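Below: one structure, written as structure tokens.
The values are calculated or read from the model by the stated rules, or taken from the named source; none is laboratory data. It should be emphasised that the depicted structure is a prediction, and the values quoted were computed from it without experimental measurement. Here Cβ is always computed from backbone atoms with ideal geometry, including for glycine, and neighbour counts include all displayed protein chains. We work out accessible area using only protein heavy atoms, side chains counted, and drop any ligands, DNA or RNA first. Shrake-Rupley method; radii C 1.70, N 1.55, O 1.52, S 1.80 Å.
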Amino acid sequence: MSGPFSNVTDTIFDEKQVLTENYQPEKILERDEEIEEYRFALQDVLFGRDPENIMLYGKAGLGKTAVTKYMMTALKDEVTTRDSADELTVHELNCNGKTLFMVVRTLVNDLLPDHASPFPKRGLGTGDAFEELYKRLDRVGGTHLMVFDEIDHLDDANTLLYEIPRAKSNGHITQSKIGVIGISNNYTFRRSLSPKVKDTLMETEISFSPYDAPELQTILSTRAARAFVEGACDESAINLAAAIAARDMGNARQAIDLLRTGAEAALKAGDDCVQEQHIKEARDIVKRGQLTTRIRDQTQHAQYILESVARLEAAGRTPARTRDIQHRYQTVANSWGTDPLTTLKSVQDHLSDLHMLGFLRRSEQNKGESGGRYFEYQSELDPELILDVRERIEHGDTLDNR
Ligand SMILES: Nc1ncnc2c1ncn2[C@@H]1O[C@H](COP(=O)(O)OP(=O)(O)OP(=O)(O)O)[C@@H](O)[C@H]1O
């Protein structure tokens, strides 16, 4: 009997998972200098000395997490072969959305023996959690590296970065050694630390710079060799994905996303080779996904006003004055079953915000001596794209392809 899946074939993907976010590459490419700095900063661990603290800086998708995972695995392997090294425990935590208490509590729970009851969520304070952490560290002993990803998102990074690196000199631990590895997208993070922390946190800083197109090509080709069936991906497709991502932010995640989305587009179209046209399609899909997110982040009425400008633009009636936009907005709001805001001022405020956010272009007009000054607006983005995205948002269609 034939069912909906009986004719499914995949002539494109082989190991598709190598193009997904949670795949950890065994080999890190094009990051030799950063790896060298990292190795140097970590090597004390091999000799049973106190580890250095390390801060990694760099924008999204530049390999900070991938390189850190790679280095931690390599260090753990090496430690087992060296008599001079203490036993090594690596704690990895993402600080996004966490409080200091949650972070310290997680570390404590990490160090508890199997079946022990976890540190209570309520009733005790951060000071108690730190006390328990020090007790646990000394009981387990050895060297502990604590990796704090997105450390700039932590509500109280100052206390964490004061307490942990000083645990030994303040006499809180005697049987164990700790090193902190902080990862941040935000170069100004260090400046936000208190002088007390800056003075005492002796650390190595490693900064990750954007990948250029040839570097991204190398990363993509290596992934493609495993991800695709032989002959199912054109080199020109890889080069285009690398070029687009390099021109944007030099982000490897974006380059990999483009290649995967392009390959999915090829598969959907029934083509058996990923080519430039599929990457272009992927770029539009990704762009549309990002725009959907940006538009969805606006308030309901701001979205109606944006849609109104797009409708006027599609009808060739822009640049438009505030009053004309307000008229159109009243129709648009009603069409979505909502009462429009009534004052001209509220429409003006939304237009001004949308201009500041880069959705609208604004030009100032002077109408002779009597008419005074006024603004005209038009869309910064393709109006058809905005209308399409708006339609999808209203109909609950998700196209989040970030
Ligand atoms: N040099 C590289 N070699 C192989 N793969 C890489 C390299 N750099 C990045 N990648 C891949 O690109 C993606 C993004 O990298 P990663 O998560 O390490 O970036 P990040 O700098 O930590 O970014 P974020 O701050 O957004 O977390 C991952 O899938 C990773 O495996």
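For this structure, a couple of remarks:
- The set of residues in segment 58-89 that are of a type in the set (A, V, I, L, M) and either away from the ligand (no atom under 16 Å from the Cβ) or open to solvent by 60 Å² or more (accessible area, probe 1.4 Å) (or both) comprises Leu75, Val79, Ala85, Leu88.
- When each of Phe5, Phe13 is tested for being away from the ligand (no atom under 16 Å from the Cβ), closer than 30 Å to Ala269 by Cβ and modelled with pLDDT of 95 or more, the lone residue that passes is Phe13.
- Residue that is surrounded by the fewest Cβ atoms within 10 Å (Cβ to Cβ), among those in segment 186-220 that are within 11 Å of the ligand (Cβ to nearest atom) and part of a helix (DSSP H, G or I): Thr218
- Output for segment 116-153, where each listed residue is in a helix (DSSP H, G or I) and either surrounded by fewer than 17 Cβ atoms within 10 Å (Cβ to Cβ) or in contact with an Asp or Glu (Cβ under 7 Å, 6 or more places away or on another chain) (or both): Gly127, Asp128, Phe130, Glu131, Lys135, Asp138, Arg139, Val140
- Segment 249-278, subset within 14 Å of the ligand (Cβ to nearest atom) and surrounded by fewer than 19 Cβ atoms within 10 Å (Cβ to Cβ), residue nearest to Gly289 (Cα to Cα): Arg253
- Filter result for Glu150 (within 16 Å of the ligand (Cβ to nearest atom) and farther than 18 Å from Glu52 by Cα): yes
- Scope segment 171-185; condition part of a loop (DSSP other than H, G, I, E, B) and modelled with pLDDT of 95 or more; matching residues: Gly171, His172, Ile173, Thr174, Gln175
- In segment 238-259, the residues that are outside any helix (DSSP H, G or I) reach residues that are crowded, with 22+ Cβ neighbours inside 10 Å with C-beta atoms within less than 6 angstrom, at least six apart or across chains, in these pairs: Gly250/Tyr211; Asn251/Gly61; Asn251/Ala245.
- Segment 50-102: number of residues that are over 25 Å from the mean Cα position of the chain (by Cα) and either in contact (Cβ under 8 Å) with a residue 12 or more places away in the chain or under 21 Å from Phe130 (Cβ atoms) (or both): 14
- The sole residue among Gly182, Gly171 that is in contact (Cβ under 8 Å) with a residue 60 or more places away in the chain and either small (Gly, Ala, Ser) or within 12 Å of the ligand (Cβ to nearest atom) (or both) is Gly182.
- Leading residue by the ranking (surrounded by the fewest Cβ atoms within 10 Å (Cβ to Cβ)) among those in segment 9-39 that are among the basic types (Lys, Arg) and outside any loop (DSSP other than H, G, I, E, B): Arg39
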